[in-house]
Amino acid sequence: GSPESLEKVGIHYSIGADDRVTLSLPDNDVFQRVVSRSIPGVRGQFVPVIEIIEGFGGRVQWDSATGTLHLLPVLTGIRFDGDQVLVKSSLPLGKPRVTKQDDGTRLIFDFEGTDVGELGTQKLGPVQGNVNGAKVVQNGLNARLILSLAKAIRYAANASEMPTQLA
């Protein structure tokens, strides 16, 4: 794919005089350098997208029915700090869709186009504050974080200065 296409998932790039492409995420010190390639008859430079996404800790899934390559951030950590829940991922996260159940004592956060990674097999915690329990499950192409609360409270999903972290 083109280096420009990686901007959509938050990966910045620069092309050097030697056709080497430097790729980075804005909020960590991980970067990759690859040699760009040209395709006969097609304008522009191209980079190995699958290799790059996996190099940043993301996951790639091919949907042969639609001919779509899905580039998925992978959840890398969930930490509880009082009533705040910090979610970290390998690539930038979008704001989740939130559903309330059980009179607001159960909150479900769906992160579209995200993989749960190893967190789906681990016990989350220790929980704190108003959070009684938490688990992460894969729901199709979405990572789902389910919180059980002691009592219903107001909440907000806040992006931090780091695109790979959400509070």
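Structure summary
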| quantity | calculated |
| --- | --- |
| In the stretch 122-137, the residues that are closer than 22 Å to Pro73 by Cβ and assigned to a strand (DSSP E or B) | Ala134, Lys135, Val136, Val137 |
| Odd one out for Leu91, checked against (1) part of a strand (DSSP E or B); (2) touching a Phe, Trp or Tyr at 6+ places or on another chain (Cβ under 8 Å); (3) within 20 Å of Thr164 (Cα to Cα); (4) not hydroxyl-bearing (Ser, Thr, Tyr) | (1) |
| Test result for Leu71, at pLDDT below 90, closer than 30 Å to Val35 by Cα and in a loop (DSSP other than H, G, I, E, B) | no |
| Test for Ala152: is it hydrophobic (A, V, I, L, M, F, W, C), farther than 23 Å from Val30 by Cβ, open to solvent by 40 Å² or more (accessible area, probe 1.4 Å) and touching a helix residue (DSSP H, G or I) at 6+ places or on another chain (Cβ under 6 Å) | yes |
| Pairs, first without any contact (Cβ under 8 Å) to a residue 40 or more places away in the chain and within 19 Å of Gly77 (Cβ to Cβ) in the stretch 43-63, second open to solvent by 80 Å² or more (accessible area, probe 1.4 Å) and not hydrophobic (A, V, I, L, M, F, W, C), C-beta under 8 Å, six or more apart | Gly57/Thr76 |
| Number of positions in the stretch 122-140 that are closer than 25 Å to His70 by Cα and either open to solvent by less than 20 Å² (accessible area, probe 1.4 Å) or touching a strand residue (DSSP E or B) at 6+ places or on another chain (Cβ under 6 Å) (or both) | 3 |
| Scope the stretch 31-42; condition in contact (Cβ under 8 Å) with a residue 12 or more places away in the chain and in a strand (DSSP E or B); matching residues | Gln32, Arg33, Val34, Val35 |
| In the stretch 1-40, the residues that are aliphatic (A, V, I, L, M) and within 21 Å of Gly57 (Cβ to Cβ) | Leu6, Val9, Ile11, Val21, Leu23, Leu25, Val30, Val34 |
| Residue count for the stretch 33-56, restricted to those that are closer than 26 Å to Ala143 by Cα and either surrounded by fewer than 17 Cβ atoms within 10 Å (Cβ to Cβ) or modelled with pLDDT under 85 (or both) | 5 |
| Qualifying residue in the stretch 15-30 (condition: in contact with a Leu (Cβ under 7 Å, 6 or more places away or on another chain), in a strand (DSSP E or B) and within 25 Å of Phe109 (Cα to Cα)) | no |
| Residue selected from the stretch 94-121 under the condition open to solvent by less than 100 Å² (accessible area, probe 1.4 Å) and assigned to a loop (DSSP other than H, G, I, E, B), by the criterion modelled with the lowest pLDDT | Gly94 |
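The values are calculated or read from the model by the stated rules, or taken from the named source; none is laboratory data. Everything numeric in this text was worked out from a predicted model, so none of it was measured. Please note: Cβ atoms are built from the backbone with ideal geometry, for glycine as well, and neighbour counts cover all protein chains shown. Note: areas computed on protein heavy atoms with side chains; ligands, DNA, RNA excluded. Shrake-Rupley method; radii C 1.70, N 1.55, O 1.52, S 1.80 Å.
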